[in-house]
1. In whole Å, how far is the Cα centre of segment 365-400 from that of segment 145-170?
2. Under the classification rounded if a/c is under 1.5, otherwise prolate if a/b is larger than b/c and oblate if not, where does segment 104-159 fall, given a ≥ b ≥ c as square roots of the Cα gyration tensor eigenvalues?
3. Beyond 16 Å, what share of the Cα-Cα pairs of segment 142-247 remains, rounded to the nearest whole percent?
4. Roll a 1.4 Å probe over the protein chains and send me the accessible area per residue for segment 1-55 in Å².
5. Cα-Cα over 20 Å: which of LYS92/LYS271; LYS214/LYS271; LYS33/LYS238; LYS11/LYS132; LYS24/LYS238; LYS128/LYS172?
6. Which of the chymotrypsin sites (Phe, Trp or Tyr not before Pro) found in segment 168-275 are loop residues per DSSP with 15 or fewer other Cβ atoms within 10 Å of their Cβ?
7. Could you tell me which trypsin sites (Lys or Arg not before Pro) in segment 242-343 are loop residues by DSSP with no more than 16 other beta carbons within 10 angstrom of their beta carbon?
8. Taking the Cα centre of the chain as origin and charging only Cβ (+1 Lys, Arg; -1 Asp, Glu), how large is the dipole, in debye to the nearest 20?
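The values are calculated or read from the model by the stated rules, or taken from the named source; none is laboratory data. Source: prediction; values computed, not measured. Counting neighbours? That spans all protein chains shown, and the Cβs are built from the backbone with ideal geometry, glycine included. For accessibility, only protein heavy atoms count, side chains too; no ligands or nucleic acids. Shrake-Rupley method; radii C 1.70, N 1.55, O 1.52, S 1.80 Å.
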Amino acid sequence: MDKSELETMRKSFNTVKRRSDSIKNSPSTLRLKKRVSEIKKESIENNEHYLKQAIESFKRNDIEVRIAETCDDALKFIDELLLECGASAVAKAKSNTLGEIDLKAHLADKNIEVVETDLGDRILQLKKTDNKPVHPTGPASHLNVSSIKDIVNESLDSNVDAVPREIMEEVKADVLNRIKNANVGISGANAIASEEGSCVMVHNEGNISLVSLKDLHIIVAGIDKIVPTLEDAISIVKLETIFATGNFVTSYMNVISGPSKTADIEKKLLKNMYGAERVVVILLDNGRSEATAECMYCIGCGNCIVHCPVYNAVGNEFGFNNYLGGRGVAMSKFIGDDEACYESGLYMCTLCGLCTLNCPVSIPTNEILEKMRQYSAEKGFYPKAHGKIRDNVSKNNSPY
(Lines give C-alpha, C1' and ligand atoms only; values in the text may rest on other atoms or scores of the structure.)
Protein backbone atom coordinates (compact mmCIF):
# COMPACT_ATOMS: atom_id res chain seq x y z
CA MET A 1 0.00 0.00 0.00
CA ASP A 2 1.27 3.45 -0.86
CA LYS A 3 1.07 6.56 1.31
CA SER A 4 -2.18 7.88 -0.20
CA GLU A 5 -3.90 4.50 0.25
CA LEU A 6 -2.85 4.36 3.89
CA GLU A 7 -4.20 7.86 4.44
CA THR A 8 -7.53 6.97 2.80
CA MET A 9 -7.73 3.82 4.92
CA ARG A 10 -7.16 5.79 8.12
CA LYS A 11 -9.93 8.26 7.17
CA SER A 12 -12.29 5.35 6.53
CA PHE A 13 -11.39 3.80 9.87
CA ASN A 14 -12.01 7.11 11.66
CA THR A 15 -15.49 7.19 10.13
CA VAL A 16 -16.20 3.72 11.53
CA LYS A 17 -14.95 4.81 14.96
CA ARG A 18 -17.24 7.86 15.01
CA ARG A 19 -20.27 5.79 13.96
CA SER A 20 -19.73 3.08 16.53
CA ASP A 21 -18.72 5.25 19.51
CA SER A 22 -22.30 6.30 20.18
CA ILE A 23 -23.67 2.77 20.50
CA LYS A 24 -20.83 0.40 21.37
CA ASN A 25 -20.82 1.49 25.02
CA SER A 26 -24.60 1.58 25.39
CA PRO A 27 -26.11 -0.66 28.10
CA SER A 28 -27.66 -2.98 25.50
CA THR A 29 -24.35 -3.40 23.66
CA LEU A 30 -22.46 -4.07 26.89
CA ARG A 31 -25.00 -6.79 27.75
CA LEU A 32 -24.66 -8.19 24.24
CA LYS A 33 -20.85 -8.28 24.52
CA LYS A 34 -21.08 -10.32 27.71
CA ARG A 35 -23.59 -12.70 26.14
CA VAL A 36 -21.58 -13.22 22.95
CA SER A 37 -18.37 -13.83 24.90
CA GLU A 38 -20.15 -16.58 26.81
CA ILE A 39 -21.60 -18.02 23.59
CA LYS A 40 -18.23 -18.19 21.85
CA LYS A 41 -16.51 -19.73 24.87
CA GLU A 42 -19.19 -22.40 25.17
CA SER A 43 -19.19 -23.06 21.42
CA ILE A 44 -15.43 -23.46 21.06
CA GLU A 45 -15.01 -25.53 24.23
CA ASN A 46 -17.70 -27.94 23.00
CA ASN A 47 -17.10 -27.59 19.27
CA GLU A 48 -17.05 -31.31 18.60
CA HIS A 49 -20.52 -31.73 20.10
CA TYR A 50 -22.02 -28.78 18.23
CA LEU A 51 -20.38 -29.83 14.98
CA LYS A 52 -22.02 -33.24 15.21
CA GLN A 53 -25.36 -31.66 16.09
CA ALA A 54 -25.09 -29.21 13.18
CA ILE A 55 -24.44 -32.02 10.70
CA GLU A 56 -27.52 -33.90 11.91
CA SER A 57 -29.66 -30.73 11.78
CA PHE A 58 -28.51 -29.87 8.26
CA LYS A 59 -29.38 -33.34 7.02
CA ARG A 60 -32.81 -33.07 8.66
CA ASN A 61 -33.32 -29.81 6.75
CA ASP A 62 -32.32 -31.41 3.42
CA ILE A 63 -29.03 -29.51 3.35
CA GLU A 64 -26.07 -31.52 2.10
CA VAL A 65 -22.94 -31.40 4.28
CA ARG A 66 -19.27 -31.90 3.47
CA ILE A 67 -16.49 -31.87 6.06
CA ALA A 68 -13.24 -30.40 4.71
CA GLU A 69 -10.16 -31.07 6.81
CA THR A 70 -7.99 -28.87 4.55
CA CYS A 71 -8.27 -26.17 1.90
CA ASP A 72 -7.62 -28.79 -0.77
CA ASP A 73 -10.53 -30.85 0.51
CA ALA A 74 -12.85 -27.84 0.30
CA LEU A 75 -11.72 -27.02 -3.24
CA LYS A 76 -12.16 -30.63 -4.29
CA PHE A 77 -15.76 -30.63 -3.04
CA ILE A 78 -16.45 -27.37 -4.88
CA ASP A 79 -14.92 -28.74 -8.08
CA GLU A 80 -17.16 -31.81 -7.90
CA LEU A 81 -20.28 -29.72 -7.32
CA LEU A 82 -19.51 -27.32 -10.17
CA LEU A 83 -18.77 -30.22 -12.51
CA GLU A 84 -22.12 -31.83 -11.67
CA CYS A 85 -24.05 -28.74 -12.74
CA GLY A 86 -21.77 -27.73 -15.62
CA ALA A 87 -21.03 -24.30 -14.19
CA SER A 88 -18.97 -21.82 -16.21
CA ALA A 89 -19.61 -18.86 -13.91
CA VAL A 90 -20.18 -18.46 -10.17
CA ALA A 91 -21.84 -15.60 -8.29
CA LYS A 92 -19.83 -15.03 -5.12
CA ALA A 93 -20.63 -13.13 -1.93
CA LYS A 94 -18.08 -11.67 0.48
CA SER A 95 -16.30 -14.31 2.54
CA ASN A 96 -12.96 -14.43 4.33
CA THR A 97 -13.21 -18.22 4.33
CA LEU A 98 -13.37 -18.30 0.53
CA GLY A 99 -10.31 -16.04 0.53
CA GLU A 100 -8.63 -18.49 2.88
CA ILE A 101 -8.99 -21.34 0.38
CA ASP A 102 -8.06 -19.00 -2.53
CA LEU A 103 -11.20 -19.93 -4.44
CA LYS A 104 -10.95 -17.29 -7.17
CA ALA A 105 -7.45 -18.24 -8.27
CA HIS A 106 -8.34 -21.93 -8.14
CA LEU A 107 -11.42 -21.55 -10.34
CA ALA A 108 -9.64 -19.15 -12.71
CA ASP A 109 -7.19 -21.96 -13.47
CA LYS A 110 -10.21 -24.03 -14.51
CA ASN A 111 -11.64 -21.23 -16.69
CA ILE A 112 -14.60 -20.71 -14.38
CA GLU A 113 -15.47 -17.06 -13.90
CA VAL A 114 -16.03 -15.94 -10.32
CA VAL A 115 -18.01 -12.70 -10.11
CA GLU A 116 -17.78 -10.80 -6.83
CA THR A 117 -21.21 -9.38 -6.01
CA ASP A 118 -20.09 -7.22 -3.06
CA LEU A 119 -19.18 -3.74 -4.36
CA GLY A 120 -15.93 -3.43 -2.41
CA ASP A 121 -14.78 -6.92 -3.36
CA ARG A 122 -15.75 -6.33 -6.99
CA ILE A 123 -13.69 -3.14 -7.10
CA LEU A 124 -10.67 -5.06 -5.79
CA GLN A 125 -11.33 -7.82 -8.31
CA LEU A 126 -11.33 -5.26 -11.13
CA LYS A 127 -8.11 -3.78 -9.72
CA LYS A 128 -6.39 -7.10 -10.52
CA THR A 129 -3.04 -6.31 -8.81
CA ASP A 130 -2.38 -5.36 -5.19
CA ASN A 131 -5.99 -6.27 -4.49
CA LYS A 132 -5.76 -7.65 -0.97
CA PRO A 133 -8.61 -6.33 1.22
CA VAL A 134 -7.89 -3.97 4.11
CA HIS A 135 -10.93 -4.63 6.29
CA PRO A 136 -13.36 -7.59 6.60
CA THR A 137 -16.45 -5.45 5.93
CA GLY A 138 -14.82 -2.61 3.97
CA PRO A 139 -12.32 -4.38 1.71
CA ALA A 140 -11.66 -1.34 -0.51
CA SER A 141 -11.47 1.23 2.30
CA HIS A 142 -7.98 2.27 1.19
CA LEU A 143 -9.08 3.43 -2.27
CA ASN A 144 -10.41 6.94 -2.81
CA VAL A 145 -13.17 7.73 -5.28
CA SER A 146 -10.74 8.95 -7.94
CA SER A 147 -8.75 5.73 -7.83
CA ILE A 148 -11.91 3.64 -7.96
CA LYS A 149 -13.15 5.61 -10.96
CA ASP A 150 -9.93 4.85 -12.84
CA ILE A 151 -10.13 1.15 -11.94
CA VAL A 152 -13.74 0.86 -13.11
CA ASN A 153 -13.24 2.81 -16.34
CA GLU A 154 -10.16 0.85 -17.29
CA SER A 155 -11.63 -2.56 -16.48
CA LEU A 156 -15.16 -2.06 -17.79
CA ASP A 157 -14.27 0.24 -20.69
CA SER A 158 -16.64 2.83 -19.25
CA ASN A 159 -16.47 6.58 -18.77
CA VAL A 160 -17.93 7.33 -15.34
CA ASP A 161 -16.93 10.39 -13.35
CA ALA A 162 -15.53 10.32 -9.82
CA VAL A 163 -19.06 10.26 -8.42
CA PRO A 164 -19.89 7.39 -6.03
CA ARG A 165 -23.45 6.91 -7.34
CA GLU A 166 -22.27 6.69 -10.96
CA ILE A 167 -19.54 4.22 -10.06
CA MET A 168 -21.99 2.06 -8.08
CA GLU A 169 -24.51 1.95 -10.93
CA GLU A 170 -21.83 1.02 -13.47
CA VAL A 171 -20.46 -1.83 -11.36
CA LYS A 172 -23.94 -3.04 -10.43
CA ALA A 173 -25.06 -3.24 -14.05
CA ASP A 174 -21.94 -5.17 -14.99
CA VAL A 175 -22.30 -7.64 -12.10
CA LEU A 176 -25.99 -8.30 -12.80
CA ASN A 177 -25.21 -8.92 -16.45
CA ARG A 178 -22.35 -11.31 -15.67
CA ILE A 179 -24.26 -13.42 -13.12
CA LYS A 180 -27.44 -13.53 -15.21
CA ASN A 181 -26.72 -17.01 -16.55
CA ALA A 182 -24.77 -18.34 -13.56
CA ASN A 183 -26.54 -21.28 -11.95
CA VAL A 184 -24.29 -21.44 -8.85
CA GLY A 185 -23.98 -19.05 -5.94
CA ILE A 186 -21.29 -19.37 -3.30
CA SER A 187 -20.93 -17.60 0.02
CA GLY A 188 -19.65 -17.87 3.55
CA ALA A 189 -21.71 -17.63 6.73
CA ASN A 190 -21.41 -15.24 9.67
CA ALA A 191 -22.73 -17.83 12.11
CA ILE A 192 -24.25 -21.32 12.06
CA ALA A 193 -26.98 -22.43 14.46
CA SER A 194 -26.31 -26.01 15.44
CA GLU A 195 -29.71 -26.89 16.90
CA GLU A 196 -31.76 -25.54 14.01
CA GLY A 197 -29.30 -26.31 11.18
CA SER A 198 -29.41 -22.70 9.98
CA CYS A 199 -26.78 -20.47 8.36
CA VAL A 200 -27.00 -16.78 9.23
CA MET A 201 -25.61 -14.14 6.88
CA VAL A 202 -25.73 -10.36 7.17
CA HIS A 203 -25.31 -7.78 4.42
CA ASN A 204 -26.35 -4.29 3.38
CA GLU A 205 -26.26 -4.59 -0.40
CA GLY A 206 -28.76 -7.40 -0.95
CA ASN A 207 -26.19 -9.40 -2.89
CA ILE A 208 -26.37 -12.52 -0.73
CA SER A 209 -30.04 -12.75 -1.65
CA LEU A 210 -28.99 -12.82 -5.32
CA VAL A 211 -26.43 -15.54 -4.64
CA SER A 212 -28.93 -17.69 -2.76
CA LEU A 213 -31.42 -17.54 -5.66
CA LYS A 214 -29.18 -19.64 -7.91
CA ASP A 215 -30.00 -23.32 -8.51
CA LEU A 216 -27.11 -24.44 -6.31
CA HIS A 217 -26.00 -22.48 -3.24
CA ILE A 218 -22.66 -23.53 -1.76
CA ILE A 219 -21.88 -22.22 1.73
CA VAL A 220 -18.30 -22.54 2.99
CA ALA A 221 -17.76 -21.80 6.69
CA GLY A 222 -15.16 -22.55 9.34
CA ILE A 223 -16.16 -24.89 12.14
CA ASP A 224 -15.56 -21.98 14.52
CA LYS A 225 -18.75 -20.34 13.18
CA ILE A 226 -20.94 -22.99 14.81
CA VAL A 227 -22.93 -21.89 17.89
CA PRO A 228 -25.68 -23.68 19.84
CA THR A 229 -28.88 -21.93 18.71
CA LEU A 230 -30.34 -19.47 16.24
CA GLU A 231 -30.75 -16.92 19.03
CA ASP A 232 -27.01 -17.24 19.71
CA ALA A 233 -26.21 -16.80 16.02
CA ILE A 234 -28.34 -13.64 15.82
CA SER A 235 -26.59 -12.22 18.90
CA ILE A 236 -23.21 -12.75 17.26
CA VAL A 237 -24.09 -11.12 13.94
CA LYS A 238 -25.72 -8.19 15.74
CA LEU A 239 -22.58 -7.54 17.79
CA GLU A 240 -20.44 -7.94 14.68
CA THR A 241 -22.56 -5.33 12.91
CA ILE A 242 -22.27 -2.83 15.76
CA PHE A 243 -18.47 -3.01 15.87
CA ALA A 244 -17.95 -3.33 12.11
CA THR A 245 -20.30 -0.63 10.83
CA GLY A 246 -21.55 1.39 13.79
CA ASN A 247 -25.16 0.28 13.23
CA PHE A 248 -27.38 -1.89 15.40
CA VAL A 249 -28.43 -4.04 12.47
CA THR A 250 -27.70 -4.45 8.77
CA SER A 251 -30.22 -3.94 5.97
CA TYR A 252 -30.51 -7.67 5.38
CA MET A 253 -30.21 -10.77 7.51
CA ASN A 254 -30.53 -14.07 5.66
CA VAL A 255 -31.30 -17.25 7.59
CA ILE A 256 -30.91 -20.24 5.30
CA SER A 257 -32.29 -23.47 6.71
CA GLY A 258 -32.84 -25.51 3.57
CA PRO A 259 -33.49 -25.45 -0.18
CA SER A 260 -36.29 -23.38 -1.71
CA LYS A 261 -39.59 -25.25 -1.65
CA THR A 262 -43.35 -24.90 -1.64
CA ALA A 263 -46.29 -27.10 -0.72
CA ASP A 264 -49.06 -24.81 -1.91
CA ILE A 265 -50.50 -27.27 -4.43
CA GLU A 266 -52.34 -30.05 -2.58
CA LYS A 267 -49.54 -29.97 -0.03
CA LYS A 268 -47.23 -31.66 -2.54
CA LEU A 269 -43.65 -30.66 -1.67
CA LEU A 270 -41.93 -29.05 -4.65
CA LYS A 271 -38.35 -27.77 -4.62
CA ASN A 272 -36.79 -24.82 -6.43
CA MET A 273 -39.58 -22.27 -6.27
CA TYR A 274 -37.50 -19.08 -6.38
CA GLY A 275 -34.37 -19.94 -4.43
CA ALA A 276 -31.83 -22.74 -4.61
CA GLU A 277 -32.99 -26.26 -5.37
CA ARG A 278 -29.88 -27.54 -3.66
CA VAL A 279 -27.94 -26.17 -0.67
CA VAL A 280 -24.54 -27.61 0.23
CA VAL A 281 -22.63 -26.57 3.35
CA ILE A 282 -18.88 -27.21 3.44
CA LEU A 283 -17.57 -27.05 7.01
CA LEU A 284 -13.86 -26.23 7.02
CA ASP A 285 -11.40 -27.23 9.72
CA ASN A 286 -8.04 -26.31 8.16
CA GLY A 287 -6.16 -26.13 11.47
CA ARG A 288 -8.99 -24.73 13.57
CA SER A 289 -9.34 -27.81 15.75
CA GLU A 290 -5.66 -27.40 16.72
CA ALA A 291 -5.76 -23.63 17.18
CA THR A 292 -5.51 -21.70 20.43
CA ALA A 293 -9.09 -21.51 21.72
CA GLU A 294 -9.10 -17.70 22.05
CA CYS A 295 -8.21 -17.32 18.36
CA MET A 296 -11.53 -18.97 17.53
CA TYR A 297 -13.58 -16.44 19.53
CA CYS A 298 -13.30 -13.85 16.73
CA ILE A 299 -16.63 -12.63 15.29
CA GLY A 300 -15.02 -10.93 12.27
CA CYS A 301 -15.89 -7.29 12.98
CA GLY A 302 -12.38 -5.92 12.23
CA ASN A 303 -12.49 -3.45 15.13
CA CYS A 304 -9.05 -4.62 16.26
CA ILE A 305 -7.30 -3.40 13.11
CA VAL A 306 -9.18 -0.10 13.14
CA HIS A 307 -7.42 0.69 16.44
CA CYS A 308 -4.10 -1.08 15.79
CA PRO A 309 -1.15 1.38 15.53
CA VAL A 310 0.87 -1.08 13.46
CA TYR A 311 -1.94 -1.77 11.00
CA ASN A 312 -2.62 1.95 10.65
CA ALA A 313 1.07 2.41 9.79
CA VAL A 314 1.64 -0.46 7.35
CA GLY A 315 -1.85 -1.61 6.33
CA ASN A 316 -2.53 -5.13 5.14
CA GLU A 317 1.13 -6.12 5.18
CA PHE A 318 0.33 -6.98 8.79
CA GLY A 319 -1.79 -10.12 8.60
CA PHE A 320 -2.27 -13.37 6.74
CA ASN A 321 -4.28 -13.78 3.56
CA ASN A 322 -7.74 -12.29 4.21
CA TYR A 323 -7.20 -12.46 7.97
CA LEU A 324 -5.83 -9.06 8.89
CA GLY A 325 -3.81 -7.67 11.77
CA GLY A 326 -2.56 -9.53 14.83
CA ARG A 327 -5.38 -12.04 14.90
CA GLY A 328 -4.61 -12.90 11.27
CA VAL A 329 -0.99 -13.49 12.21
CA ALA A 330 -2.10 -15.79 15.02
CA MET A 331 -4.39 -17.72 12.66
CA SER A 332 -1.59 -18.16 10.13
CA LYS A 333 0.25 -20.57 12.44
CA PHE A 334 -2.67 -22.99 12.34
CA ILE A 335 -3.95 -22.38 8.81
CA GLY A 336 -0.38 -22.28 7.50
CA ASP A 337 2.75 -23.01 9.55
CA ASP A 338 5.47 -21.36 11.65
CA GLU A 339 7.11 -19.78 8.62
CA ALA A 340 3.80 -18.32 7.42
CA CYS A 341 3.25 -16.92 10.91
CA TYR A 342 6.67 -15.26 10.89
CA GLU A 343 6.21 -13.85 7.37
CA SER A 344 2.77 -12.47 8.25
CA GLY A 345 4.24 -9.95 10.68
CA LEU A 346 4.72 -11.84 13.93
CA TYR A 347 7.43 -9.41 15.02
CA MET A 348 5.66 -6.28 13.73
CA CYS A 349 3.27 -6.27 16.69
CA THR A 350 4.17 -3.84 19.50
CA LEU A 351 2.20 -5.97 22.01
CA CYS A 352 0.40 -2.78 23.10
CA GLY A 353 -2.92 -4.58 23.66
CA LEU A 354 -5.17 -2.01 21.95
CA CYS A 355 -6.63 -4.83 19.89
CA THR A 356 -7.80 -6.60 23.05
CA LEU A 357 -9.17 -3.40 24.59
CA ASN A 358 -11.24 -2.77 21.46
CA CYS A 359 -12.26 -6.36 20.78
CA PRO A 360 -15.94 -6.97 21.64
CA VAL A 361 -15.03 -10.44 22.96
CA SER A 362 -11.66 -9.41 24.45
CA ILE A 363 -9.39 -11.78 22.51
CA PRO A 364 -5.90 -11.46 24.11
CA THR A 365 -4.16 -11.22 20.73
CA ASN A 366 -1.01 -9.60 22.10
CA GLU A 367 -0.55 -12.40 24.64
CA ILE A 368 -1.14 -15.03 21.95
CA LEU A 369 1.48 -13.43 19.68
CA GLU A 370 3.99 -13.17 22.51
CA LYS A 371 3.71 -16.93 23.08
CA MET A 372 3.96 -17.56 19.34
CA ARG A 373 7.21 -15.63 19.19
CA GLN A 374 8.68 -18.12 21.61
CA TYR A 375 7.54 -21.05 19.45
CA SER A 376 8.73 -19.28 16.31
CA ALA A 377 12.20 -18.64 17.75
CA GLU A 378 12.48 -22.30 18.71
CA LYS A 379 11.75 -23.19 15.07
CA GLY A 380 14.41 -20.75 13.87
CA PHE A 381 12.10 -17.99 12.62
CA TYR A 382 13.07 -14.66 14.16
CA PRO A 383 14.65 -11.37 12.99
CA LYS A 384 18.39 -11.60 12.44
CA ALA A 385 18.97 -8.59 14.67
CA HIS A 386 17.34 -10.46 17.55
CA GLY A 387 19.73 -13.37 17.04
CA LYS A 388 22.68 -11.00 17.12
CA ILE A 389 21.48 -9.44 20.38
CA ARG A 390 20.97 -12.90 21.88
CA ASP A 391 24.49 -13.97 20.92
CA ASN A 392 25.97 -10.76 22.34
CA VAL A 393 24.19 -11.28 25.64
CA SER A 394 25.36 -14.87 25.76
CA LYS A 395 28.98 -14.06 24.98
CA ASN A 396 29.44 -10.59 26.45
CA ASN A 397 26.70 -10.29 29.07
CA SER A 398 25.53 -7.27 27.08
CA PRO A 399 23.30 -6.75 24.05
CA TYR A 400 25.95 -4.47 22.51
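1. Cα centroid to Cα centroid, the span is 48 Å.
2. Judged from the Cα gyration tensor, segment 104-159 comes out oblate (a/c at least 1.5, b/c at or above a/b).
3. It works out to 68 percent of all Cα pairs.
4. Spelled out: the 1.4 Å probe surface of segment 1-55, per residue, equals 62 Å².
5. LYS92/LYS271
6. Answer by residue number: PHE248, TYR274.
7. Passing both the DSSP loop test and the Cβ count: LYS267, LYS268.
8. With Lys and Arg at +1 and Asp and Glu at -1, about 1060 debye.
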